[in-house]
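The values are calculated or read from the model by the stated rules, or taken from the named source; none is laboratory data. On a predicted model such as this, the values are computed, not experimentally measured, just so you know. Reconstructed Cβ throughout: ideal geometry from the backbone, glycine too, with neighbour counts over all protein chains shown. Areas reflect the complete protein model, heavy atoms only, side chains present, ligands, DNA and RNA absent. Shrake-Rupley method; radii C 1.70, N 1.55, O 1.52, S 1.80 Å.
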Amino acid sequence: MMKIMPNRLDRGFYLYQEEFEKKALDVLRSGWYVLGREVSAFEEEFARFNESRYCVGLASGLDALWIAFRVLGIGQGDEVIVQGNTYIASVMSITINGATPIFVEPDEYYNIDVSKIEEKITERTKAILVVHLYGQASNMTPIMEISRKYGLRVVEDCAQSHGARFDGQMTGTFGDIGCFSFYPSKNLGAFGDGGAITTNDSKIADDVRVFRNYGSEKRYYNRVVGTNSRLDEIQAGFLRVRLSHLSELETEKRRICERYLKELKNEIIQLPGIRSGATHIWHQFVIKTNRREELISWLDGKGIGTIIHYPIPPHLSEAYQYLGIPIGSLPITEKYANTVLSIPLYNGMTEEEQTYVIDAINEFQ
Ligand SMILES: *Cc1c(COP(=O)(O)O)cnc(C)c1O
C-alpha cells in the first residue's frame, strides 16, 4: 500500500538540495547571522516579486500581522472586520493589540463575503483584515470601494497567497500593508519561522523596520517601544533560493490541482471554485463533504493522510470564549469548519501519488 502524507516538506528540500546546502554553508561561514546582506537582498527581491515598493523581513507571519496593526495605530476600543473562517493567527493579530475582531461570513470561495461587510461597520471600525485563504485572491475591487467609502485601513493576510492576483494586481498591494508568512508549509516557505510585510508607503516601511529591532534606528538609540522580530540571515538565504524557483513551484502545484479538478469525480464531494478575476496559487486543495469523517477513515485505510483547515473557527475556540460569540452565530463559517477537508498537495508529488489519491477519492461511496 502506498503511504501519502498531506504534505511532504522534505520533497521541497530535495528539489534544490545543492542550492540550499551551499547557501547554508555560505551564511554559516560569513560570520554575520542577523539582519545582514541576505535579509536586505531578500527584502529587495521579494518587494520586486510582489510588485511593492518596500518589504521588511520579520520573524513570523503573526508578527507581520500584529506589527501592521500596531504601526497603523489600531488598538484598544477599535474594531477590525475579518472573515470568520480563518487561521486563528489572523484574529490574534487584532486582539494582541487590544482591538476587537468583528467576524463576517465567507463566500463560496472561502474568502470574505463582501456583501456582508457594510452591515458590520460601526463608529469604531478602523480596518478590514482581508485573508486570501487557501491561496485564492479575495474579491478586492468591492473591498477597496468599501474601505474608501468609510475611510478604513486595509491589511492583507497573504500568509497563504504569495503571488496570487486579483484583476492582475498582486495580493498584498491593494491595502496599506501586505503580511506574509514563510512558515515551512507555506507556498514560499523557509526552513524555520519567517515573515515579512510589504507596502508602498515609505513611512510604514520605516516604522516596521524600526519596530522589529527594539524600536531602534541607530544602535542603542530607541525611538519607540518595539519588539524583537528579525528575519534570520540563514532563513533569508533559503528564501532567496526558493523565491528564485517560485514560479516553477507554483506551476507544478497548479498542474496537480488542474488534475484534481478534472479527474476527481464523486458526487459526495464538492470541488473548490475559482472566482472570476482571481488567481489561485493553491496553498491548499480544499474539498467539502457532508460525510467527512467517513471519507477521512476511508482515505486513512488506504494510507492517505488529510488535514482539516480549520476544524474550530476562531470565535468558537476556547481562547476566544471571552468574546461571547455563541455557537450558531456564524452558520456558514461553522458549516465550513464541519465539512472542509484538505487533500494531499505538495511540490515534488509524483504522478503516481496523484493518481492514487484521485482513485481513492473516486472509489469512496
Ligand atoms: C500561517 C498563517 C499565519 C501565521 O503565520 P506564522 O508564520 O505561522 O506566524 C497567519 N495567517 C494565516 C492565514 C496563515 O495561514
Matching residues in segment 308-365 (free of Cβ contacts under 8 Å to residues at least 12 places away in the same chain, over 30 Å from residue 82 (Cα atoms) and β-branched (Val, Ile, Thr)) number 2
Filtered residue count, segment 125-145, keeping only those that are polar (S, T, N, Q) and open to solvent by 30 Å² or more (accessible area, probe 1.4 Å): 2
Pick from segment 65-79 the residues that are in a helix (DSSP H, G or I) and out of contact with any strand residue (DSSP E or B) (no Cβ under 6 Å at 6 or more places or on another chain): which of them is nearest to residue 284 (Cα to Cα)? 66
Take the conditions more than 22 Å from residue 82 (Cβ to Cβ), in contact with a helix residue (DSSP H, G or I) (Cβ under 6 Å, 6 or more places away or on another chain) and touching a residue at least 60 places away in the same chain (Cβ under 8 Å) and apply them to residue 269. Does it pass? no
Over segment 80-96, the set of residues open to solvent by 20 Å² or more (accessible area, probe 1.4 Å) and either more than 12 Å from the ligand (Cβ to nearest atom) or assigned to a loop (DSSP other than H, G, I, E, B) (or both) is 87, 95, 96
So which residues in segment 215-261 are under 21 Å from residue 43 (Cβ atoms), open to solvent by 40 Å² or more (accessible area, probe 1.4 Å) and hydroxyl-bearing (Ser, Thr, Tyr), if there are any at all? 244, 247
Is there a residue being within 27 Å of residue 345 (Cβ to Cβ) and either touching a strand residue (DSSP E or B) at 6+ places or on another chain (Cβ under 7 Å) or among the basic types (Lys, Arg) (or both) anywhere in segment 24-40? no
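Do the conditions hold for residue 181, that is, is it open to solvent by less than 20 Å² (accessible area, probe 1.4 Å), more than 15 Å from the chain's Cα centre (by Cα) and polar (S, T, N, Q)?
For residue 181, the condition - open to solvent by less than 20 Å² (accessible area, probe 1.4 Å), more than 15 Å from the chain's Cα centre (by Cα) and polar (S, T, N, Q) - is not met.
Table: residues versus (1) modelled with pLDDT of 95 or more; (2) assigned to a helix (DSSP H, G or I); (3) touching a strand residue (DSSP E or B) at 6+ places or on another chain (Cβ under 8 Å).
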residue: 6; (1), (2), (3): yes, no, yes
residue: 18; (1), (2), (3): yes, yes, no
residue: 22; (1), (2), (3): yes, yes, no
residue: 43; (1), (2), (3): yes, yes, yes
residue: 63; (1), (2), (3): yes, yes, yes
If you check every pair at least six apart or on different chains, which have Cβ atoms under 6 Å apart with a residue in segment 134-154 that is free of Cβ contacts under 8 Å to residues at least 40 places away in the same chain first and a residue that is open to solvent by less than 60 Å² (accessible area, probe 1.4 Å) and of a type in the set (Ser, Thr, Tyr) second? 154/147
Among the residues listed as 327, 358, the single one being surrounded by fewer than 19 Cβ atoms within 10 Å (Cβ to Cβ) and under 30 Å from residue 105 (Cα atoms): 327
Sole residue being open to solvent by 10 Å² or more (accessible area, probe 1.4 Å) and among the aliphatic types (A, V, I, L, M), chosen from 159, 190, 205: 159
Conditions (1) away from the ligand (no atom under 13 Å from the Cβ); (2) in contact (Cβ under 8 Å) with a residue 24 or more places away in the chain; number of the one not met by residue 193: (1)
The strands (runs of 3 or more DSSP E) lying entirely within segment 192-290 that contain at least 3 residues which are within 18 Å of residue 181 (Cα to Cα) are 195-199
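Considering only residues that are of a type in the set (Val, Ile, Thr) and either away from the ligand (no atom under 15 Å from the Cβ) or more than 11 Å from residue 196 (Cβ to Cβ) (or both), which ones fall in segment 57-74?
71, 74
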Given (1) over 17 Å from the mean Cα position of the chain (by Cα); (2) open to solvent by less than 30 Å² (accessible area, probe 1.4 Å), index of the condition residue 77 fails: (2)
